[in-house]
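The structure under discussion appears below in the form of structure tokens.
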């Protein structure tokens, strides 16, 4: 019923948002002489903040149109190369540009985006930087509320199967980057391909801020997952998508619940950001206003997760620590990380990460016992939190170059 109440509330607020939008346009119109007065500016700023805080945000566009390489401008082409019910595989590749007759050839990178509430476009900065050096493929997960019941369930086993399918789709000699939550699934997929001596097992796997062993430096989300029995999550957080959505009656973990959790973790910071937005609107500080809108247009755009996948992740990763304990199974097949020998492993953590604490990602090195020391790299980025591991200045200038160097140092998975 909570999901239905949320939808009804959004519908009831629609005319109020429309009125706020109309009044804001009237009050801020340069042709309106009253618009230059302080009361009009204050009212306009108030209406702007209220309208932005109360609406539902659609999935943002990727908007990666061009990159510059060695002083040459190249357009970026985006297209879908594979589609599944719950995900599509996108490719970001260079078009013809610059002074060269042909596009430069680059190594291939599969970016496995998290399925954790935000859209894959949260990795826009990640992809925009990687496409400068790689032919990039990205898992673009589908909002579960838009997936019809006829598509069936989608659990962690299905997620791992998707990852293996996409590794095969991209082909041999690929590099894989797992951002946050998909780390355990990517390790499992790599181990399963290695056990089959599959030629599409990755040349390198880079795990960034991933919950491989959440018992190390547990954070607030980790403690929450352990503080309640599994049944509590099933009985209190799983709801059915209401009509008239395409996925009506599908069991999901709603995006609005996940967003409320995100917001409550740093509530004071978010309230302060909206207060600053009001003040910047009042002062006409356009750059700060635009930066705030750009961030929150992405941050407030959330998606529903398939119930099976959410519950599997809670149980397998956060409560039973199956990958860390070596007890994980995929469709009744044991997942043995010891099979990973040919793939090089890099881990990246943020010094101030409040989602995946220090040591949680590093734990992958202790578990992948048969990867030679020369094929390992652990890197901790100073002065960044979780988001800064894959976005922002330090990601672009310090982390991404290390990932490129690591990939180029291990181009072909050769079994030892």
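The values are calculated or read from the model by the stated rules, or taken from the named source; none is laboratory data. Worth saying up front: this structure is predicted, and the values here are computed from it rather than measured. Quick reminder, even Gly has a Cβ in these numbers, built from the backbone with ideal geometry, and neighbours come from all protein chains shown.
Looking across segment 76-99 at every residue that is over 16 Å from residue 110 (Cβ atoms), within 26 Å of the chain's Cα centre (by Cα) and modelled with pLDDT under 95, the one that is surrounded by the most Cβ atoms within 10 Å (Cβ to Cβ) is identified as 94. Entry remark, segment 59-75: residues being in contact with a helix residue (DSSP H, G or I) (Cβ under 8 Å, 6 or more places away or on another chain), at pLDDT 90 or above and either surrounded by 11 or more Cβ atoms within 10 Å (Cβ to Cβ) or part of a strand (DSSP E or B) (or both) number 4 in total.
On the given criteria, is residue 165 in contact with a strand residue (DSSP E or B) (Cβ under 7 Å, 6 or more places away or on another chain), assigned to a helix (DSSP H, G or I) and modelled with pLDDT of 95 or more? No. Across segment 283-301, the number of residues qualifying as surrounded by 16 or more Cβ atoms within 10 Å (Cβ to Cβ), touching a residue at least 40 places away in the same chain (Cβ under 8 Å) and assigned to a helix (DSSP H, G or I) comes to 3.
Scan segment 39-51 and tell me whether some residue there is surrounded by 11 or more Cβ atoms within 10 Å (Cβ to Cβ), in contact with a strand residue (DSSP E or B) (Cβ under 6 Å, 6 or more places away or on another chain) and within 28 Å of residue 145 (Cα to Cα). It would help to see each step written out before you state the result.
Filtering segment 39-51 down to residues surrounded by 11 or more Cβ atoms within 10 Å (Cβ to Cβ) leaves 40-51.
The next check asks that each one be in contact with a strand residue (DSSP E or B) (Cβ under 6 Å, 6 or more places away or on another chain); those that pass are none.
Scanning segment 39-51 turns up no residue that is surrounded by 11 or more Cβ atoms within 10 Å (Cβ to Cβ), in contact with a strand residue (DSSP E or B) (Cβ under 6 Å, 6 or more places away or on another chain) and within 28 Å of residue 145 (Cα to Cα).
Please enumerate the residues belonging to segment 146-157 that are assigned to a helix (DSSP H, G or I) and within 18 Å of the chain's Cα centre (by Cα). 156, the sole residue that qualifies.
In segment 339-351, is there at least one residue being in a helix (DSSP H, G or I) and modelled with pLDDT of 95 or more? Talk me through it step by step, then tell me what you get.
Let us first name the residues in segment 339-351 that are in a helix (DSSP H, G or I), namely 339.
Checking which are modelled with pLDDT of 95 or more leaves us with 339.
The answer is yes, given that some residue of segment 339-351 is in a helix (DSSP H, G or I) and modelled with pLDDT of 95 or more.
Is it the case, given these coordinates, that residue 117 is at pLDDT below 95 and surrounded by 21 or more Cβ atoms within 10 Å (Cβ to Cβ)? Considered against the rule, which asks whether it is at pLDDT below 95 and surrounded by 21 or more Cβ atoms within 10 Å (Cβ to Cβ), residue 117 comes out as yes. Restricting the first member to segment 315-336 and to residues that are over 13 Å from residue 213 (Cβ atoms) and in the same structural domain as residue 217 (by TED's automatic domain parsing), and the second to residues that are modelled with pLDDT of 95 or more and assigned to a loop (DSSP other than H, G, I, E, B), the beta-carbon pairs closer than 6 Å and six or more apart or on different chains are 335/328. For segment 257-276, state whether one or more residues are surrounded by fewer than 17 Cβ atoms within 10 Å (Cβ to Cβ), part of a loop (DSSP other than H, G, I, E, B), in contact (Cβ under 8 Å) with a residue 40 or more places away in the chain and touching a helix residue (DSSP H, G or I) at 6+ places or on another chain (Cβ under 8 Å). No - not one qualifying residue is present in segment 257-276.
Of all residues in segment 99-114, one or more are in a loop (DSSP other than H, G, I, E, B) and within 23 Å of residue 210 (Cα to Cα). Screening the candidates 369, 348 for the property of being crowded, with 21+ Cβ neighbours inside 10 Å and either in contact with a helix residue (DSSP H, G or I) (Cβ under 6 Å, 6 or more places away or on another chain) or at negative phi (or both) yields one hit, 348.
As for segment 205-215, it holds at least one residue that is surrounded by fewer than 21 Cβ atoms within 10 Å (Cβ to Cβ), out of contact with any strand residue (DSSP E or B) (no Cβ under 7 Å at 6 or more places or on another chain), within 22 Å of residue 347 (Cα to Cα) and in the same structural domain as residue 404 (by TED's automatic domain parsing).
Taking the options 117, 125, name whichever one is in contact with a helix residue (DSSP H, G or I) (Cβ under 6 Å, 6 or more places away or on another chain) and closer than 30 Å to residue 263 by Cβ.
On the way: 125 fails: in contact with a helix residue (DSSP H, G or I) (Cβ under 6 Å, 6 or more places away or on another chain).
Step by step, each of 117, 125 is checked, and only 117 is in contact with a helix residue (DSSP H, G or I) (Cβ under 6 Å, 6 or more places away or on another chain) and closer than 30 Å to residue 263 by Cβ.
Which residues, counting only those in segment 375-386, are surrounded by 19 or more Cβ atoms within 10 Å (Cβ to Cβ) and outside any loop (DSSP other than H, G, I, E, B)? If you could, list the steps in order and put the result at the bottom.
Taking segment 375-386 as the starting set, the residues that turn out to be surrounded by 19 or more Cβ atoms within 10 Å (Cβ to Cβ) are 375, 377, 381, 384, 386.
Listed by number, the residues that qualify are 375, 377, 381.
Every condition in (1) touching a strand residue (DSSP E or B) at 6+ places or on another chain (Cβ under 6 Å); (2) within 20 Å of residue 93 (Cα to Cα) holds for residue 122 except the one numbered (1).
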